[in-house]
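Participant: A single structure is presented below for examination.
Every number here is computed from the coordinates shown, using simple stated rules; none is lab data. Predicted, not measured: the structure shown is a model, and the values here were computed from it. Cβ placement follows ideal geometry from the backbone for every residue including glycine, while neighbour counts extend to all protein chains displayed.
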Amino acid sequence: MRVPQVFIETFGCQMNEYDTELVRTILKARGYGFTDSADTADVVLLNTCAIRENAHNKVYGHLGKLKPLKEERGLVIGVLGCMAQNLKQDLLAGDSLIDVLVGPDSYRALPDLLERAAGGRKGMVVDLSEYETYADIVPDRIEGITGWIAVMRGCDNFCTFCVVPYTRGRERSRDLIGIVREAEALAASGCKQVTLLGQNVNSYGDGSHDFADLLLAVADVRGIERVRFTSPHPKDFPDKLLEAVAGHPKICKHIHLPLQAGNDRILQLMNRTYTRTEYLALLDRIRQRCPAIVLTTDIIAGFCSETEAEFAETYDLVQGVEYHSAYIFKYSERKNTIAARKFADDVPDAIKAERVARLVELQRGISLKKNRALIGQVVEVLVEGDGKRSDQWRARTEGNIVTVFPQTPFPFSDPIKPGSLISVHITDATVTTLYAQAV
Ligand code: SAM
Ligand code: SF4
């Protein structure tokens, strides 16, 4: 009998990439095969993100493109993940192309739903769970030098702009021992770098261990050379965690610490639970204990009622802190969130866009200055694979900055390969990339 072929397309964050690996395992166990194009698939699954409007629009765009395939050969179409959770009936309504909707806590129900859909019955399971962590499912990974592990799911913080607590439910952590086993399996398959994932990763706790314990345990796994984590919330950064990052040679000296806004009224309106002063004090503490740290952040411009003077405080903070890089987003109202229910989305779109553009320009200047300051230095990089040009290696510094350098030309054999941890001499830099020579 022919094995039904599935094509999965993943949108959004690393957590969604990880979830796609879980879904592959669940479907493989029920006899499905995988293909890398919708044209050769019997089932197309879109693993979606609902965090901002453009993520959302992208999914609708892709659905539109699948329409002719569905009409031609009765393709089964499923929407998984955050958007499925958030939009429920909207997506299944009327003449919708979608046959199956599955929320992030219900992937185990997917094979049954697909079987029913093949028989013409649409269905959805979007229940949120207080317990589901998929701890017993080994993700079906494409083997490589880097891998990620979801250590906790959901979020209890209810930042007023954010849809995550509604799409991914309550916060729950896996047991430390299961995570360490997963890291050992990754190391055995040749993986050198593990990134620990969670919506609010540093609030991890399994009852006996906190996030610092977990980081140290994973960093001690033999064969793993680098450990990263994302995203931490500034409210959960005790000295013990800072000591772990600063003290363990395998934990990368890079912290992505979302700021969101630099003004106290806006921070309070966002329910971020810290003030500008507290956030800056945390950065001081981090830099004092670990001067080599590379800091990056997330910022939202144009949140409800943000004035020009309040935005100027964010601008001023970014100028003063000098992050190595930053993700800068235009506020987009999300259905069901506290902000959508209680506050007016009253900053005109043109002003939001202009604030984003100003911050991006500021940050690009800072990123370039920081990268250029590395010229002449020797730094350690982890080689991930070929660069855009096949005669170059693509690697990353401990601070996660992309670094490219020449491969040894044929007919000489190159001692470097993906997974090599080597020293390079930085010779040039742009806003996003370092250029180097192997030493
Ligand atoms: N949990 C992380 C934290 O607390 O900072 C962030 C997770 S969220 C998936 C990634 C980023 O998306 C956020 O840091 C925020 O900057 C941005 N984001 C979330 N909701 C947004 C919205 N409604 N509009 C614009 N940006 C948003
Ligand atoms: Fe969203 Fe806030 Fe939770 Fe981050 S901490 S996932 S921004 S609610």
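Participant: With r defined as the distance between the Cβ atoms of VAL378 and GLN288 and R0 fixed at 22 Å, what FRET efficiency is calculated, to the nearest 0.05?
Facilitator: With R0 = 22 Å, the Cβ-Cβ based efficiency is 0.30.
Participant: Now a separate question. Counting other Cβ atoms within 10 Å, which chymotrypsin sites (Phe, Trp or Tyr not before Pro) in the stretch 111-201 have at most 16 and lie in a DSSP loop?
Facilitator: Answer by residue number: TYR131, PHE158.
Participant: For the pair LEU368 and LYS28, how long in nm is the line joining their label points, each one 7 Å along Cα→Cβ?
Facilitator: For LEU368 paired with LYS28, the spin-label model returns 4.6 nm.
Participant: Placing +1 on the Cβ of each Lys and Arg and -1 on the Cβ of each Asp and Glu in the stretch 117-209, which of MET124, LEU186, LEU197 has its Cα farthest towards the positive end of the resulting dipole?
Facilitator: MET124
Participant: Continuing with the same structure: In whole Å, what is the distance between the alpha-carbon centres of the stretch 1-56 and the stretch 257-279?
Facilitator: Using only Cα atoms to place each centre, the spacing works out to 36 Å.
Participant: Still on this model: Between HIS248 and TYR327, what FRET efficiency follows from the Cβ-Cβ distance if R0 is 30 Å, with the result rounded to 0.05?
Facilitator: E(calc), rounded to 0.05, equals 0.70.
Participant: Quote the relative contact order of the chain in percent (integer), defining contacts as alpha-carbon pairs under 8 Å separated by 6+ residues.
Facilitator: It comes to 10 percent, rounded to a whole number.
Participant: Still on this structure: Calculate, in nm to one decimal, what PHE158 and THR273 gain on full extension: separation in residues at 0.36 nm each, minus their alpha carbon distance.
Facilitator: Here the segment from PHE158 to THR273 would lengthen by 40.4 nm.
Participant: When a/c is below 1.5 the answer is rounded, else prolate if a/b is larger than b/c, else oblate, so apply that to the chain with a ≥ b ≥ c taken from the square roots of the Cα gyration tensor eigenvalues.
Facilitator: Here the chain falls in the oblate category.
Participant: Could you give the length gained on full extension between LEU280 and ASN336, defined as 0.36 nm per residue of separation minus the Cα-Cα distance, in nm?
Facilitator: Length gained between LEU280 and ASN336: 17.0 nm.
Participant: So, one more: GNM on the chain, C-alpha springs below 10 Å: top fluctuator among GLU21, GLU184, GLU72?
Facilitator: Fluctuation is largest for GLU72.
Participant: Based on Cβ point charges of +1 for Lys and Arg and -1 for Asp and Glu, what charge dipole magnitude is obtained for the chain about its Cα centre, in debye rounded to the nearest 20?
Facilitator: The dipole magnitude comes to about 340 debye.
Participant: Which listed residue (PHE329, THR408, ILE137) has the Cα farthest towards the positive end of the charge dipole for the chain, taking +1 on Lys and Arg C-beta and -1 on Asp and Glu C-beta about the Cα centre?
Facilitator: With unit charges placed on the Cβ atoms, the residue in question is THR408.
Participant: Measure off 7 Å from each Cα along the Cα-to-Cβ vector at ASP220 and ASP39, then give the distance between these two points in nanometres to one decimal.
Facilitator: 5.2
Participant: What cysteines in the chain have no other cysteine with a beta carbon less than 4.7 Å from their beta carbon?
Facilitator: Unpaired cysteines in the chain: CYS13, CYS49, CYS82, CYS155, CYS191, CYS252, CYS290, CYS304.
Participant: What stretch of the chain, leaving out the sites themselves, is the longest with no trypsin sites (Lys or Arg not before Pro) in a DSSP loop having at most 11 other Cβ atoms within 10 Å?
Facilitator: 223-387
Participant: Here is a further query. Between VAL402 and ASP346, what is the label-point separation in nm under the 7 Å Cα-to-beta-carbon projection?
Facilitator: My value for the distance between the label points is 4.1 nm.
Participant: Let me ask another. If you place +1 on the Cβ of every Lys and Arg and -1 on the Cβ of every Asp and Glu, how big does the dipole about the Cα centre of the stretch 121-185 come out, in debye to the nearest 20?
Facilitator: Magnitude of the dipole: close to 300 debye.
Participant: Another question about this same structure. Evaluate E = 1/(1 + (r/R0)^6) for GLN319 and ASP391, where r is the Cβ-Cβ distance and R0 equals 45 Å; express this FRET efficiency to the nearest 0.05.
Facilitator: 0.70
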